[in-house]
Each structure stands twice: as C-alpha cells, then as structure tokens.
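Working notes, beginning with the structure itself.
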Amino acid sequence: MFFLLAPTIHMRRLCGAAFLSFSMSCPSISLAQSSNAIEPDGDLVQLMECFAELHKSPAVVAMLKVLPIDIGRASDLELLANKKKATSKEKVHLSTMVTDWGKCLGLANQSRRKSTPTEIADLYVEYWIDTKALLADLYAGSATYGDVAKARVKLEASYATKVQQKVDALIQQQAQNEQARQVAESQRQYAESQVRNAEAQRQQQLEAELQRQRVAQQQLEQQQAQLLLLQRQQRQAESAAAFNNGMMLLQAAQPKLNPSPPRPSINCQTRSAFGTLYTNCD
C-alpha cells in the first residue's frame, strides 16, 4: 500500500530509524506530521538495531568528528571549513564505515519499498549513490572534508526538493485518481439507476398490460354470459311459441259440434180439485 494512503505511519517510518543515518531530510508535507508514536514492525526493529550498532562501530566513532553520518551536523561551520584530507588510517575507517553504512541502508531500502512508492524509494537509492561518490572523492584524496561537507549539504537540499516534488506529484495524482474514481462511481450509480428505472417502467408496463388483459377477459366473459343468457331466453321463447302453435293446430284439427236449437220454454201449473192434483203445461 502506498504511504500516501496511510501517511502518518509510513512517513514516520520514512523519516525515522530507516534514515537515522541516511542524512536525507523528510518531505515537509502535512500528511506526514504526527506526534503519535508507532509500534515498529520486525523490519524496522532490525533496521534500528543495525544503525545502533553502526554508531558503536570504532570506525564510525573515529570518523564522527570529521565526517558525521547525521546531515544536521555536516553543516557545522567547522566541518564546512575543514581543509584537511583523509589520512591513510582515516581511509581505512572510511572504507569500513561506508561498507557498514551501506548494509544498514540496504535494510532501509527493503523496509522502505514495502510502504513507499517506487518513485520515492528510488530517489533515496540515488541519494546514497551520489553520497558514496562524494565519499569516494574523499577516499581518493581529491576532496577535503570541507568539500564533502559542503557537497553533502547541497546534495541534501537537492534531493529533499526532489522528494517533496515527487510526493506532491503523487498526492496530486492520487487526488486525480480519486476524482476519476468518484466520477466513475457516479457514472456507475447513474447507469444502475437508469437500469432500475427502465426495469421499473417495464414492470409497470407489464402490470398494466396484464391488468388490461384481465379487464378484457372479464368483459369477454360477461359478454359471453350475456350471449348465453339471450340464447337461452330465445330458445325458451321459441319453445313456448312452438308449444302454443302446436296447441292451436291441435285445437284447429278437432271437429266442431253444431249447437242444439233452443228448447221452447214450458210453463206448468199444478192445482188441486176435490182431493186430486192436476198439472197443466203449455
């Protein structure tokens, strides 16, 4: 993971034990500023131990007054004005010092590359290469201690600027990447919302069509029921009409009886005469 994503821990590592003897200053970016202590991991513990042993080395102790590892002391006026060159004995110490120093920086580079962008880690490697070149001039006798001190101060300032510029560029790139990610995420969410809206509209249209079909089916069933009722009523009417017609034909087929002439009315009167009843009808 890039240190920009976890600036406090990684930049404190960048500027901590890994560079106690590297001399190069840390970039002055606000992301790296923190007073919170961090728990060192295994690599960092090993690195701190390496530099602790380096500072105890007799060769380093013998050279500290004229060639301090700490760049903060390299800018002392006394060191900058030193016109002396390395003696044969000091060259032996210098050779041992550079070898041990390089071993610790090798560990620093391994630890750094686990949490630092390659562009930043490469700058520190280049810084050490240029520093070794200065020390080589001192070893060869072509440069004085003062020359090396002044060159180291300039080298420190130059690489500190390069690191700061690279950090700024990475932060800007990260911001651009984040902005692009947010735009892409926004576009993705918009596309998904469009799909959801289209699906919702399709579902609504489907439900509306199903509802229309249900209503049409109900209307068709009602019409069919009404038609069946009308057909049944028509058959019943036809059956009743046929029955009535049949009855009329049956009645018409029966013979007609002539009516009897009217019978004359008879008036009868009954009377009694001398104990005998007499009836007269006319």
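The values are calculated or read from the model by the stated rules, or taken from the named source; none is laboratory data. Since this is a predicted model, take the numbers as computed values, not measurements. No Cβ is skipped: glycine too gets one built from the backbone with ideal geometry, and neighbour counts run over all protein chains shown. With ligands, DNA and RNA removed, areas are computed over all heavy atoms of the protein, side chains included. Shrake-Rupley method; radii C 1.70, N 1.55, O 1.52, S 1.80 Å.
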Problem set entry | Placed amide H near Arg113: partners under 5 Å, 5+ positions off or other chain | none
For this session: Convert each backbone phi in the stretch 162-173 into a coupling constant with the Karplus relation 6.51 cos²θ - 1.76 cosθ + 1.60 (shift: θ = phi - 60°), then list the ³J(HN,Hα) values in order as whole Hz, x for Gly and Pro.
Result: 4, 5, 4, 4, 5, 4, 4, 5, 5, 5, 4, 5
Exercise. So what does Glu199 come to for accessible area, using a 1.4 Å probe and Å² rounded to 10?
Worked result: 80 Å²
Exercise. What list of ³J(HN,Hα) values in whole Hz, one per residue of the stretch 270-282 in order, does the Karplus curve 6.51 cos²θ - 1.76 cosθ + 1.60 (θ = phi - 60°) give from phi, with Gly and Pro shown as x?
Worked result: 10, 9, 10, 9, 6, x, 10, 8, 10, 10, 10, 10, 9
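Rounded to a whole number, what % of the accessible area of the stretch 185-235 do carbon and sulfur atoms account for, probe 1.4 Å?
Carbon plus sulfur share of accessible area: 50 percent.
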For this session: Would you mind working out the accessible area per residue for the stretch 161-258, using a 1.4 Å probe, and quoting it in Å²?
Result: 87 Å²
Problem set entry | Hz values of 3J(HN,Hα) by residue in the stretch 81-96 - Karplus curve (6.51, -1.76, 1.60), Gly and Pro given as x | 8, 6, 9, 7, 10, 5, 7, 4, 5, 5, 5, 5, 4, 5, 4, 5
For this session: Quick one: check the C-alpha center-to-center distance for the stretch 188-240 versus the stretch 80-158, whole angstrom.
Result: 89 Å
Seminar exercise, completed: Sorted on mean Cβ neighbours within 10 Å (highest first), peptides 174-187, 265-278 come out as 174-187, 265-278
Problem set entry | Cross-link table Lys84/Lys162; Lys84/Lys132; Lys56/Lys91; Lys83/Lys154; Lys89/Lys162, entries beyond 27 Å C-alpha to C-alpha | Lys84/Lys162; Lys89/Lys162
